[in-house]
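Structure, as structure tokens:
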Amino acid sequence: MTGSQSSLRGANRALVVETVKRYGGLTQVELTAATGLSPATVSSIVKELLAAGVVDTRGTIRSGRRAQLVTIARSTGLAAGVDVGPRHLRVALADVTREIVAEQSLPLPAEHRADTTLDRATLLVVDLLERVGATLDDLVGLGVGLPAPVEPGTGLVTVRGVLRGWDETPVVHVLAKRLAKPVLVDNEANLGALAESRFGAARGYQDVVYVSVGAGTGAGIVLSGHLHRGFGGTAGEIGHVQVDPQGRICRCGSRGCLDTVVGYPALVEPLVVSHGTLTLRDVVQRAADGDPGCRQVVADAGAVIGGVVAGMAMVVNPQCVVVGGELAATGEVLVQPMREAIARRVPLNQIVALDVVPGELGVRASVLGALAMVLEATDQAAATGSADMADPSDVAGGDAG
């Protein structure tokens, strides 16, 4: 009985901590409503967490009354990570110990434009800082992931048409001007690769290919523990590898790219007659629930993507392929056909086999990578005594483990 009570107490503490992280800061009354725990239980747990240094409390006003705001305790300095996707915006704050202290995501309209999206990102960063009782003075830097190849120094998209409405926007300069803080920008798949190498499924591997599968497909490459971006930042742009010479014109201007075959429109089109109009999230959820039609289109996509990744594996010879992105939430429905396609095309190494595994960080991989990029650049600047944050081409230079 004592053991079960202790286990329940631990679960309740974890629930309180995760709820505070999700919302950035809540009063005890708000925590009671959000967790479903009793006021006495919440009060007791908050006291324990405060004594242990897990949370901080400070006075605030709610509905005209004084209250105690509960926030995650943090070390000095905060980094912000921003993940801009085709249809979403995700922002997170972490302290210098890599502890996430606040996080929020928002939906975005299709083909959202740079100015409005960067406005939203700026406002959301400021809002999350306020929630945890911090200000812009506490922010050490901002990392941004974009679903396109970028030039790190400016944040300009380097391939026209890949991210419509963003071609002429120097993201680094725009956000640095608005927040007066250092800004680093990279491709979202590169940041996913960095995050999975640091904290996820690729820990312990030195040579990794991370494949992000969602509305489009991209890859991040880690070689000898370092991100490999290529000369123009387009390494890993597998979504624009031609797989159908007679296929549709891609947004990049080429014909029959991988994205035209397995991207969001191509993925849902075969399901219109049988399932009606579906979002990508619908397809993922129904495939995970066992819907045969949705599982079939996901498996077909996995086989095609696996064929392209096999070509990468022949050239790069990674130890591990990590599969992430929104479609990876279908698990082995996507990963197993990829694994089989890669195994058919990549000669089996009799000494060391190529591992093909699902990512551990899910759709948060890119924002976690953005945070890691900023914090590693900050660490590097501190180690060298520089006042300027390190260039992102030098970040991710440590061991992947």
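The values are calculated or read from the model by the stated rules, or taken from the named source; none is laboratory data. If you're wondering where the values come from, they're calculated on a predicted model, not measured in any experiment. When we count neighbours, we look across all protein chains shown, and the Cβ atoms used for this are built from the backbone with ideal geometry, even at glycine. Only protein heavy atoms, including side chains, enter the accessible area calculation; ligands, DNA and RNA are left aside. Shrake-Rupley method; radii C 1.70, N 1.55, O 1.52, S 1.80 Å.
At-a-glance table
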item: Single unsatisfied condition, Thr122 versus (1) open to solvent by 10 Å² or more (accessible area, probe 1.4 Å); (2) modelled with pLDDT of 95 or more; (3) part of a strand (DSSP E or B); result: (3)
item: Which numbered condition Val20 fails, given (1) aliphatic (A, V, I, L, M); (2) open to solvent by 40 Å² or more (accessible area, probe 1.4 Å); (3) touching a Leu at 6+ places or on another chain (Cβ under 7 Å); result: (2)
item: Leading residue by the ranking (farthest from Val159 (Cα to Cα)) among those in region 247-259 that are open to solvent by less than 30 Å² (accessible area, probe 1.4 Å) and outside any helix (DSSP H, G or I); result: Gly247
item: Odd one out for Ser197 among (1) more than 19 Å from the chain's Cα centre (by Cα); (2) open to solvent by less than 10 Å² (accessible area, probe 1.4 Å); result: (1)
item: Pair list, Cβ under 9 Å, 6 or more apart: region 306-324 residue closer than 22 Å to Pro147 by Cα and at pLDDT 95 or above, other residue part of a helix (DSSP H, G or I) and polar (S, T, N, Q); result: Val322/Ser197; Gly324/Ser366
item: Checking Lys177 against (1) buried (at least 18 other Cβ atoms within 10 Å of the Cβ); (2) charged (D, E, K, R); (3) not in a loop (DSSP other than H, G, I, E, B), the condition it does not meet; result: (1)
item: Unique match (being in the same structural domain as Val55 (by TED's automatic domain parsing) and either modelled with pLDDT under 95 or open to solvent by 40 Å² or more (accessible area, probe 1.4 Å) (or both)) among Gln68, Gln104; result: Gln68
item: Test: residue in region 157-164 that is touching a residue at least 40 places away in the same chain (Cβ under 8 Å), open to solvent by 10 Å² or more (accessible area, probe 1.4 Å) and either hydroxyl-bearing (Ser, Thr, Tyr) or closer than 16 Å to Ala365 by Cα (or both); result: yes
item: So Ser63, is it over 30 Å from Asp119 (Cβ atoms) and among the hydroxyl-bearing types (Ser, Thr, Tyr); result: no
item: Some residue of region 102-111 being among the hydrophobic types (A, V, I, L, M, F, W, C) and within 23 Å of Arg198 (Cβ to Cβ); result: yes
item: Scope region 144-167; condition within 19 Å of Leu108 (Cα to Cα) and either part of a loop (DSSP other than H, G, I, E, B) or among the polar types (S, T, N, Q) (or both); matching residues; result: Pro147, Ala148, Gly161, Val162, Leu163, Arg164, Gly165, Trp166, Asp167
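Every residue, every condition in (1) among the hydroxyl-bearing types (Ser, Thr, Tyr); (2) open to solvent by 70 Å² or more (accessible area, probe 1.4 Å); (3) closer than 20 Å to Asp127 by Cβ; (4) in the same structural domain as Val374 (by TED's automatic domain parsing), yes or no:
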{"residue": "Gln28", "(1), (2), (3), (4)": "no, no, no, no"}
{"residue": "Leu37", "(1), (2), (3), (4)": "no, no, no, no"}
{"residue": "Ala40", "(1), (2), (3), (4)": "no, yes, no, no"}
{"residue": "Val54", "(1), (2), (3), (4)": "no, no, no, no"}
{"residue": "Asp83", "(1), (2), (3), (4)": "no, no, yes, yes"}
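Quick grid of which residues meet (1) of a type in the set (D, E, K, R); (2) crowded, with 19+ Cβ neighbours inside 10 Å:
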{"residue": "Val261", "(1), (2)": "no, yes"}
{"residue": "Val268", "(1), (2)": "no, yes"}
{"residue": "Thr277", "(1), (2)": "no, no"}
{"residue": "Asp289", "(1), (2)": "yes, no"}
{"residue": "Arg295", "(1), (2)": "yes, no"}
